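S.K.: Handing you a structure now.
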Amino acid sequence: MAFRQQFISRAAATLERPSASPTLNTAEAIVALRHVDVFYGSAHAVADVTFDVPKNRITALIGPSGCGKSTVLRSINRMNDLIPGARVAGEIAYHGVDINQKSVDPVEVRRRIGFPAPQSLSQEHL
């Protein structure tokens, strides 16, 4: 479990390497995740994920099957709200607004934030 948590934290980064002392600037981020944890019942599926999705940049979540990439994406557009027993902790901000606040309409979040269906990439495609 420790490897999985560490892997997700490192894998959830932009393709460009950050500077030696990275700072998280939410003013330039379209989406900003801060210490996000996802639970399915008592199962801790994703732990302490923090990263930004900068404006006009390509951001990739890369990792092995079952490491939590799709879970993080579902959390960003509140698809986990539809799963009984699912719970998201931490902050997910879209243009500076925490989308997990009760006052934020999850349907409006889904309208504004698309969810790309994950696709497998086999060796043939490389």
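S.K.: Under a Cβ-Cβ cut-off of 13 Å, what is the net charge of the residues other than Val107 that fall near it, where Lys and Arg count +1 and Asp and Glu count -1?
M.R.: Residues close to Val107 contribute a combined charge of +1.
S.K.: For region 62-111, state what percent of all Cα-Cα pairs lands in each successive 5 Å bin, counting from 0 Å until the bin that includes the largest distance.
M.R.: Binned Cα distances yield the sequence 5, 19, 30, 24, 14, 6, 2, 0.
None of the figures in this text is laboratory data; all of them are computed from the coordinates on show. For clarity, every value in this text was computed on a predicted model and none was experimentally measured. In this analysis, Cβ positions are derived from the backbone assuming ideal geometry, glycine residues included, and neighbour counts consider all displayed protein chains.
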